Every structure is written in C-alpha cells, then in structure tokens.
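> Can you read through this structure? Questions will come right after.
The values are calculated or read from the model by the stated rules, or taken from the named source; none is laboratory data. This one's a predicted model, so the numbers in the text were calculated from it and none came from an experiment. Here the Cβ positions follow ideal geometry from the backbone for every residue, glycine too, while neighbour counts run over all protein chains shown.
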C-alpha cells in the first residue's frame, strides 16, 4: 500500500469515530491535522508538493461524491439526509483497522531502522571500546627506506691527503692535529654502505584551518673527538652500529594555518617552528623538487608566510609570494646572530589542455655567516673572543672557499670559516606536459647566482687567489607517473648539474651529488618502479667531477627499497 492510500485510510478511520460522535469541531480538527500531516511529509521529502496537492484534491472530491451518494440513498428511503456540513462515513471493522496498522508499521520500520542505525554509527552508540572524539583528530603516517650505496672513486684522482681537506671534521675535532686522517676527503678508496631511514609523522587538527605536526626521523650523527654533530641534510643511518642504538630525533615540529576562501582557494599559509621547505623548488617534482640550492631533507627553523592571488575567476591561474625568517645560530655571547632571510614570488598557470607551468624567482640573504679571523697576536684559538669563535660554521660540505679563523699553539690552523658572503638569486621553472596522460613529461630548469661574492674581499680573507665562481644551474627531464604508489607504476628521470664553488652555501645543498657540496658537475639518471601498493624500488646513478682543482671524480650507485604507511 503506497503512502497516499495509507494517509487516506488513516483519515477515514478517524472520520468514522468522529462521525459516530457527531462532533463537527472534531471534523475540523481532523481536517487540519490531516492537512498538517501531509505538509510535514512534504517537508520530510516523503511526498512531493505536487503529490500532496493531488491527494488533498482527490480526498475532497471523494468526500463530495460520498455525500452526494448518501443524500440520494437516504432520499429514496425518506431519509432527511445529512445536515449542512455533515459528512457520513461507512463503518470500518476493527480487523481492517488492525491490518492497516500492521501494514503501515512494517513499511515504516525499514526506513526508521536505517535512520537510527546511521545515527548510531555517527554517534558510536554502544560501540565497545569506542575511542574518544579527540583521537579522531590525530593522523599517524610514516615511511621506511633501505638503501645500498656504492661509492666508486675515479682513476687518477688526487692522492688521499694531498689536497682536499675535510673542513667539517677539522672544525669538529678541534684542529688538524686532532683530526688526523679524518681531516682529508676520501678521494681514492671505494666504499660500500647499507643505510636506513625511518620517519614517523603525527598530524593533529587543532581547530578549523590550524594543524600541528611532529615528525621523528633517524639522524646522521657523527662523533669526532668526543663531540657529537648532526647532519642537517641527511636522515640516513649507516648500518653497522652495534656499539649503540640509532638516533631518533625530532625532525620537524610546527604549527600551520591555512586560510581558505568560499571557493576553496587557499589564499594564505602561515607556518612556524621547525618546518618543511617553504620555497617552490621546481625542476624535479617526482622526487620533491630541485636540490640545486636546498637538499630535500633540509628543514627550516623559523617562520614563513605564503600568500596566493587567483587571477580572475580561475583558481588554476595564480600568483604567489613567500617571505621567511630563520635563525641559524643564536648566542648570548655574540653580538651578531646568524640569520637567513628569504623572499620569493612566482606564477602557477594551468592550461585548458591540463598542461601546467610553474616559475619563481627568489632572493636568499645570509647574515653574519662570514669568517671573522682572530687578529690578536698570537692568533690562537685560546685567545679568540666570542665573535671570532661564533663565526665557525656548525656544518660545512665540500666546495666553498674558506678562511682561517685561528691557530693552535703550534701555529697550525685549528678553525675555518666561510670567506664569502652569500646573497643568492635563484630562478627556477618547470613545465608539465599532459599530452601523454596518465603519464607526465616534465621539463625543469634551475639557476642560482651568489651576488654577495666580492672577489677582492674573499682573496684577502682566504689569503689565496680565487675566481668568480658564483654560478650554478641544472636542467632536468622526468617522465612517467607523478607518484609511484601501486604495482607496475613507474617513472624515469635524468639531470645535468653544474655548481661552482661559491655559487650557493655548501652546507644546505644536495648531500648525494659528488657526495655533497659545491665545485662539482655531472649527470644523474634514475627510475622508480612500483612493486606493490605503497612499496616501490628506486635506482640512481650519479657520475660527477670537480670543476676547479686537482682531479676528483666519483660515481655513486644508490638502490632503494621504499615503503610508506
């Protein structure tokens, strides 16, 4: 029985009792009640407005027909007929009323049960061990990577210990004497390492638009002369550490606020704490972007803001600008704390054929990172003032021109610092072709120049002749799936990179290319292949050579097994 017949039957059943009672007022109540019931069913989307109107019209027509029929019947039997406004309804037996009630109950039960079950699921009624509401605001994720890394030194390289110094080890050990053989770069000995990286991320929704995030990661920790120092551009842990446990440290900890307009366009992002790279670094989207200036494992401590402006009514056309301020080293004993200030402006342009163009220009300004040699006599480290000692870098990789800060008591250099200022202009762009969808073809280019380099100042501080080696560039090609996360998905990539000695700060650039640092050129080729859901293999071959100085080339083969969860 459909809803229309049910409503009519209920109305008739009520009218029988009322007609027998002979109460006109009750008839009016019944009419209003029935009308309101029909309107409520329309409101609850059980009936349409048109169906409701047709029901009311049909009920009125049926009532009028019944009145006319009863009047004619009574007239034949000398019945005076009903009074004006009176409606007479035939008697409905009780068993029919009961049957109607059962039919209505059975048809409504399914809908009622469905609604109640949905509400119970939403509210978690009676669910054993149901988690509190605040738990649902947390999300746990992570990744684990196992790596085989083979490092092969080129034939004819400069002999070990003859030219290339490891200034990071010298500074951490406390001088050449303490560093010993570790004071030189390995230029001749091939090396095989197995490495591991584990990262765990906890994201929490604080309130609408505001998120807190913490990431824990393994860390490359080195001990030198009983001093521990951490590599900011690597989270790899080299296997073979039976004398201790892995170092698992806080890699990120930040708050992030996203402001979204009514169209869902994210027009402002604010981040603070130990944050991910806030800059657009195109030219290597498949692997996190170009590493010409910034290694992908590098995090920033400080604050950044990114504003976006849609062009016209198309959210696929947008301008963006980012500002950031990051303290590098702070001390109460030094008058010049070290800082990094950055700014970037760019364009994100999507085409109707789904091609995508991204480009940006940035300026990065390092403050108070230049070496401040001890000018006392003798210029030993024991007579250094706080500002001289403060200018020793916390971390260095190969390549940048250095200056002696102070000596030990035997007049042997003990601490080194950077000979140049670093104010870097960086321009990068990428174009994503949709012609081969679902595969992507991406062409990328990246260029950087240190406009803070002053040749005469650097030569005076370094006490040697130097060239204007301040340019760095990279071109890259990617083809395949943008993200490899399922079986048989794949992508391939290739790049050529050329990085002169003082083009960028060596501490923060790619830690794999030429085993880290600047003053290097060469090729990289690689591929990713999906083995199963959230499991993929990666292979990379890096073949590099030094740009200036005695021969120092190396080839590196990296084979990775990656998982994400």
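> Give region 403-415 a look and list any residue that's touching a residue at least 60 places away in the same chain (Cβ under 8 Å) and either surrounded by fewer than 23 Cβ atoms within 10 Å (Cβ to Cβ) or outside any strand (DSSP E or B) (or both), or say none.
Selection gives 403, 408, 410, 412, 413.
> Could you go through region 431-440 and let me know if any residue there is closer than 28 Å to residue 182 by Cα, without any contact (Cβ under 8 Å) to a residue 60 or more places away in the chain, in contact with a strand residue (DSSP E or B) (Cβ under 8 Å, 6 or more places away or on another chain) and in the same structural domain as residue 525 (by TED's automatic domain parsing).
Checked region 431-440: no residue is closer than 28 Å to residue 182 by Cα, without any contact (Cβ under 8 Å) to a residue 60 or more places away in the chain, in contact with a strand residue (DSSP E or B) (Cβ under 8 Å, 6 or more places away or on another chain) and in the same structural domain as residue 525 (by TED's automatic domain parsing).
Conditions (1) without any contact (Cβ under 8 Å) to a residue 40 or more places away in the chain; (2) touching a helix residue (DSSP H, G or I) at 6+ places or on another chain (Cβ under 6 Å); (3) within 27 Å of residue 424 (Cβ to Cβ), marked per residue:
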site	(1), (2), (3)
472	no, no, yes
476	no, no, yes
486	no, no, no
525	yes, no, no
558	no, no, no
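> In the list 138, 167, which residue meets the criterion of being at pLDDT 70 or above and surrounded by 13 or more Cβ atoms within 10 Å (Cβ to Cβ)?
So the residue among 138, 167 that is at pLDDT 70 or above and surrounded by 13 or more Cβ atoms within 10 Å (Cβ to Cβ) is 167.
> Identify all residues within region 445-465 that are modelled with pLDDT of 95 or more and either in a loop (DSSP other than H, G, I, E, B) or closer than 14 Å to residue 356 by Cα (or both); write none if there are none.
Listed by number, the residues that qualify are 451, 452, 453, 454.
> Sort out which residues of region 183-220 are free of Cβ contacts under 8 Å to residues at least 40 places away in the same chain, surrounded by fewer than 16 Cβ atoms within 10 Å (Cβ to Cβ) and in a strand (DSSP E or B), and write them in order of number.
207
> Evaluate the following for residue 476: is it within 26 Å of the chain's Cα centre (by Cα), more than 20 Å from residue 558 (Cα to Cα) and in the same structural domain as residue 152 (by TED's automatic domain parsing)?
Spelling it out, it is not the case that residue 476 is within 26 Å of the chain's Cα centre (by Cα), more than 20 Å from residue 558 (Cα to Cα) and in the same structural domain as residue 152 (by TED's automatic domain parsing).
> Assigned to a helix (DSSP H, G or I) and under 24 Å from residue 251 (Cβ atoms): which single residue out of 172, 149 fits that description?
172
> Then there's this: Hey, can you tell me all the residues within region 531-549 that are in a loop (DSSP other than H, G, I, E, B) and closer than 15 Å to residue 518 by Cα?
547, 548, 549
> Somewhere in region 253-262, is a residue assigned to a loop (DSSP other than H, G, I, E, B), more than 28 Å from residue 450 (Cβ to Cβ) and in the same structural domain as residue 192 (by TED's automatic domain parsing)?
Yes, region 253-262 contains at least one residue that is assigned to a loop (DSSP other than H, G, I, E, B), more than 28 Å from residue 450 (Cβ to Cβ) and in the same structural domain as residue 192 (by TED's automatic domain parsing).
> Moving to a separate point now. Among (1) surrounded by 15 or more Cβ atoms within 10 Å (Cβ to Cβ); (2) in contact with a strand residue (DSSP E or B) (Cβ under 8 Å, 6 or more places away or on another chain); (3) outside any loop (DSSP other than H, G, I, E, B), which single condition is residue 387 missing?
Answer for residue 387: the failing condition is (2).
> Let me ask something additional. Here are 456, 494, 511: which of them is in the same structural domain as residue 346 (by TED's automatic domain parsing) and closer than 25 Å to residue 166 by Cβ?
Testing whether each residue is in the same structural domain as residue 346 (by TED's automatic domain parsing) and closer than 25 Å to residue 166 by Cβ leaves just 511.
> Looking at 346, 336, 350 in this structure, which one is within 20 Å of the chain's Cα centre (by Cα) and in the same structural domain as residue 444 (by TED's automatic domain parsing)?
None of the other options fit; the residue is 346.
> Which of (1) buried (at least 22 other Cβ atoms within 10 Å of the Cβ); (2) closer than 27 Å to residue 405 by Cβ; (3) in contact (Cβ under 8 Å) with a residue 60 or more places away in the chain does residue 500 not meet, given it meets every other one?
Of the numbered conditions (1) buried (at least 22 other Cβ atoms within 10 Å of the Cβ); (2) closer than 27 Å to residue 405 by Cβ; (3) in contact (Cβ under 8 Å) with a residue 60 or more places away in the chain, the odd one out for residue 500 is (3).
> Answer with yes or no whether residue 482 is modelled with pLDDT under 95, in a loop (DSSP other than H, G, I, E, B) and either assigned by TED's automatic domain parsing to the domain that holds residue 165 or out of contact with any helix residue (DSSP H, G or I) (no Cβ under 9 Å at 6 or more places or on another chain) (or both).
Yes, satisfied.
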